[in-house]
Amino acid sequence: MKNIVIAKTALKSILKNKKRSFLTMFGIIIGIASVITIVSIGNGFKRDMIDKMSMTNTNEFTSNITFNYFELSNALSDKEVFKKSDLDLIKNVKGVKKVDFYKPKQKLTERQVDLYIRGKKMNKKIERVEETSLDLLEGRQIDQADNERLNKVVVIDEVLAQKLYGDAGQAIGKGFEIKNELFTVVGVIASGSGTLSLENQAALAYFPIKSYDHYFSAVDSQSILDLETEPDQNLDKVTAEVLKQLNFNGSLRNAGEYERYNPKSDIKEMGSILDNLTLFISAVAGISLFIAGVGVMNMMYISVSERTKEIGIRRALGATEKDIKKQFLAEGLTLTLLGGTIGYLLGMLLGLLASVFLPFAVRPDLFTITLAVSISVLIGVIFSYMPASAASKKDLIDILK
């Protein structure tokens, strides 16, 4: 029997019992959709995290230096790691072109700061912006002029305005203190959550980015250095010499050890952790796929028992055991592939809907497509094999009786 004939026969058999086929596929649809949703969101989160962790320095002549304290208590302190004397020491090493504090790939605009709300200190998120275009209740937006003039102005959330000033309208023109600096409230925006609880992860205040950075400390990390060597120098040798000099003469040589920092290894480790977490959650969701597979097997056994006469006629017309087995395997495979395709589309739709409420994008990729197809094929083959084998082994004489 030709494969095309087997495929058409399988599809016809499935469509013949639409309700039963759909109910059997339903478990596969839900299982695949759950796994795909989790995997797609997990991959989107992973891409976002890795992108934020990535460094600007892809230059082959650049490496990074960091410092590890012997005692954890020192590492948690606010001590300055690299001092001017350390940078001067590094600059005098032969082959060093430039050394500076490392700058992230993207300057993160968000900050966690301590705000005093009715006398209670609360650590909340604020954001540094070039300008705002938010849903205003009162006042005006932050614009480019505020940045150019270093204006000490702020736009705050409605719920914060109510807590501090009693009413959103009364907040305009009032002082807003942060880190012992006084900013003027020029706008109040509508609150998305209406609460100051831990569940509210939205920014509660928006500052002109240049004003904020002018009045507060620099945003560059003081615990990692960018080390750039001359093009004609060996990066590894120069870095090794820098580390040798720092560990002998560095300002914190007695408190820990200077060492080379490889951001790629941290990124790779973070990616691996996220992959394992996604895999674990997907495995839990995938339990439903096993139950769905049992449903497929049950349906196939029912189909075999209902079509005993059909099997006998096919055998009488010359169909071999192999042909009968292939026919029922094709039915199980077609059933699960249809369920898997619908489940994949539903899973991606749920992932895309979730991304509307998440700070990162969720998009389909080759991995999720391959995963959906592979699981569907696996279920189809494993749970259809025994019924198909039972159908192929039916004795023609017994059937005719």
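Count, please, the residues in the range 300-323 that happen to be not aliphatic (A, V, I, L, M) and not in a helix (DSSP H, G or I).
Kept after step one, since they are not aliphatic (A, V, I, L, M), are these residues of the range 300-323: 301, 303, 305-310, 312, 314-315, 318, 320-323.
Imposing the further condition that a residue be not in a helix (DSSP H, G or I) reduces the set to 307, 318, 320.
Residues flagged as not aliphatic (A, V, I, L, M) and not in a helix (DSSP H, G or I) within the range 300-323 amount to 3.
Residue-by-condition table, conditions (1) touching a Ser or Thr at 6+ places or on another chain (Cβ under 7 Å); (2) of a type in the set (A, V, I, L, M); (3) on the phi < 0 side of the Ramachandran plot:
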| site | (1), (2), (3) |
| --- | --- |
| Thr308 | no, no, yes |
| Ile313 | no, yes, yes |
| Glu321 | yes, no, yes |
| Ile324 | yes, yes, yes |
| Ala330 | no, yes, yes |
| Thr334 | no, no, yes |
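Would you mind finding the one in Phe207, Phe248 that is loosely packed, with under 12 Cβ neighbours inside 10 Å, at pLDDT 85 or above and not polar (S, T, N, Q)?
Residue meeting the stated conditions: Phe248.
Take Asp226 and tell me if it is more than 30 Å from Leu358 (Cα to Cα) and at pLDDT below 90.
yes
Show the residue pairs meeting these rules: Cβ distance below 9 Å; 6+ apart or different chains; first residue within the range 308-334 and hydroxyl-bearing (Ser, Thr, Tyr); second residue open to solvent by less than 70 Å² (accessible area, probe 1.4 Å) and at pLDDT 75 or above.
Correct list of pairs: Thr334/Gly380.
Would you point out which residue out of Ala391, Ala354 is in contact with a Phe, Trp or Tyr (Cβ under 7 Å, 6 or more places away or on another chain) and surrounded by 14 or more Cβ atoms within 10 Å (Cβ to Cβ)? Walk me through how you get there before you give the answer.
Working: Ala354 fails: in contact with a Phe, Trp or Tyr (Cβ under 7 Å, 6 or more places away or on another chain).
Sole residue among the options that is in contact with a Phe, Trp or Tyr (Cβ under 7 Å, 6 or more places away or on another chain) and surrounded by 14 or more Cβ atoms within 10 Å (Cβ to Cβ): Ala391.
How many residues does the range 47-84 contain that are modelled with pLDDT of 65 or more, open to solvent by less than 70 Å² (accessible area, probe 1.4 Å) and in a helix (DSSP H, G or I)?
Qualifying residue count for the region: 4.
For the structure I just gave you, tell me whether Thr370 is open to solvent by 30 Å² or more (accessible area, probe 1.4 Å), within 37 Å of the chain's Cα centre (by Cα) and free of Cβ contacts under 8 Å to residues at least 12 places away in the same chain. Before the answer, list the steps.
Details: open to solvent by 30 Å² or more (accessible area, probe 1.4 Å): yes; within 37 Å of the chain's Cα centre (by Cα): yes; free of Cβ contacts under 8 Å to residues at least 12 places away in the same chain: yes.
Judged against the criteria, Thr370 is a match.
Which residues, taken from the range 145-176, are assigned to a strand (DSSP E or B) and out of contact with any Gly (no Cβ under 9 Å at 6 or more places or on another chain)?
Listed by number, the residues that qualify are Gly175, Phe176.
The values are calculated or read from the model by the stated rules, or taken from the named source; none is laboratory data. Bear in mind that the values here come from a model prediction, so they are computed numbers and not experimental data. When we count neighbours, we look across all protein chains shown, and the Cβ atoms used for this are built from the backbone with ideal geometry, even at glycine. To get the accessible areas, we keep the full protein, side chains included, count just its heavy atoms, and leave off ligands, DNA and RNA. Shrake-Rupley method; radii C 1.70, N 1.55, O 1.52, S 1.80 Å.
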